[in-house]
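Student: Next up is a structure, given as structure tokens.
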Amino acid sequence: MLEPYVRPGIDDRPDLDKALSPEDKDAVARLAIKDRRRPPEASADQPEAQAVRLAAAGSSAAAAAAASVDAPAPDLSSAYLDMRDPMVAANGQRPTAVQVSRLNWGFFVASILVGAPWAALNTIAMPNAVARLFDYDTASAISVTINPSTGRPLPVATDLVVPLAVLVVVGVVASMFAMPLVSALSDRTRIPLGRRTPWMVAGGVLCALITLVLGQNTGLVVLCFFWALMQFAYAMISVPLASAISERVPDKFRPCIERWHGIGVMLGQALGVCMGALGVMFDSFTPFAYTAVLFAVSGILTVIMLPKEPSSQEQPHQRFESSQVFDQLRPPAHAPAFARVFAARVCMMTGVGLTGVFLWYLVRFWVYGKAVVFTSAPLTIPAGLLIAGMAAATLIGAALASWAAGPISEKIEERNIATTAVV
């Protein structure tokens, strides 16, 4: 009787469930690729766009981007994980060498132009505007009561802490809703200029106009109202700019461009604090004046430096729904470690935010709250110089931390791999 034909390599393959031992199965499972792709969010076409937007909101992301840490791709639908061309951007364009250079320098300069005036407003200009509302002349000596036990002036600015805290809370709440709203609206912009270009240009001009209003001596209610509008206007610049990195930069060049973008953010923050501290030496309105100029130039110059954005008229029409905005504010499901990470980041950002917001009051009213008898110069001059020096020191420390983060991370990863291999 003839035996059935056995196809080599097909019919004679062993049953791996029976042929492999439990130890062999565990070894194979460790080598297997677990492809857990996240579905795109309802309010974004690109899954990585929202992650970049959220990361761009914190200064720690800038240091992490500049650190050159060899981390996995932030987007699980990256071209490196499938058969797409990593030289082609998410919007379908294949930039030339000149266009890649323009993308690199464009995002670098844009991060400085956008970050510097924002840092000047938050650190110096707005706290000084609140002090001016309550008749604290920060350009001259202030009559204070000296604490006999310490020899230091009593905190005369306690009357300013609550109004400034109210202003900060209003801005945080407004920003929390402005960023996802602008994100959803810019994703649905269908005009020949593209999705991001009109938002950045209009956002820069609107920021400049609101900044000039904030520089006027108005009431606290009016200041809070326009500060809330300022959050929406600033989101019109920052959110499309962060989204453009994920849409217009191919995966091949994204680590380098994101690194330079992070360096630009750190430089912009340091320059903004220095400009605010030096500008307030003249008068209270000077920081608002050049901040408005920088905002107006930032959107226009960014569009000029970057390659022309393709038209978005051919994109499918998407209906806007409010749920798509509020979905971005909900915590992710099936993520037990999210609460711990979120709480840790909130505590970290709270400490950093409190230091930056009340820094001007600490330096001006506590360190230089007592009249200096050996000089007649306004006390804003030494206070501004001290804050400028602190900004330079912060920049140097962040640069050193970014430079050391990569090697330290690699050493820890190598040790973990070696330990796992031994076990």
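Student: Within the stretch 333-363, which residues are charged (D, E, K, R) and over 16 Å from the mean Cα position of the chain (by Cα)?
Tutor: R340
Student: Go through (1) without any contact (Cβ under 8 Å) to a residue 60 or more places away in the chain; (2) small (G, A, S); (3) in a loop (DSSP other than H, G, I, E, B) for S311 and report which single condition fails.
Tutor: (1)
Student: Test each condition in (1) modelled with pLDDT of 85 or more; (2) out of contact with any Pro (no Cβ under 9 Å at 6 or more places or on another chain); (3) of a type outside the set (D, E, K, R); (4) crowded, with 23+ Cβ neighbours inside 10 Å for F295 and report the one that comes out false.
Tutor: If we test F295 against (1) modelled with pLDDT of 85 or more; (2) out of contact with any Pro (no Cβ under 9 Å at 6 or more places or on another chain); (3) of a type outside the set (D, E, K, R); (4) crowded, with 23+ Cβ neighbours inside 10 Å, just (2) comes out false.
Student: List the residue pairs whose Cβ atoms are under 8 Å apart, where the first residue sits in the stretch 265-278 and is in contact (Cβ under 8 Å) with a residue 12 or more places away in the chain and among the polar types (S, T, N, Q), the second is surrounded by 24 or more Cβ atoms within 10 Å (Cβ to Cβ) and assigned to a helix (DSSP H, G or I), and the two are 6 or more positions apart or on different chains.
Tutor: Pairs found: Q269/A62; Q269/G115; Q269/A116; Q269/A119.
Student: Another one. Collect the residues in the stretch 241-282 that are part of a helix (DSSP H, G or I), within 26 Å of G215 (Cβ to Cβ) and not small (G, A, S), keeping them in residue-number order.
Tutor: Answer for the stretch 241-282, where residues must be part of a helix (DSSP H, G or I), within 26 Å of G215 (Cβ to Cβ) and not small (G, A, S): L241, V265, L267, Q269, L271, V273, C274, M275, L278.
Student: Among the residues of the stretch 196-227, which ones are of a type outside the set (S, T, Y) and within 18 Å of I304 (Cβ to Cβ)?
Tutor: Within the stretch 196-227, R196, P198, W199, M200, V201, A202, G203, G204, V205, C207, A208 qualify.
Student: Name every residue in the stretch 376-415 that is of a type in the set (S, T, N, Q) and crowded, with 17+ Cβ neighbours inside 10 Å, in order of residue number.
Tutor: T380, T394, S402
The values are calculated or read from the model by the stated rules, or taken from the named source; none is laboratory data. Source: prediction; values computed, not measured. Quick reminder, even Gly has a Cβ in these numbers, built from the backbone with ideal geometry, and neighbours come from all protein chains shown.
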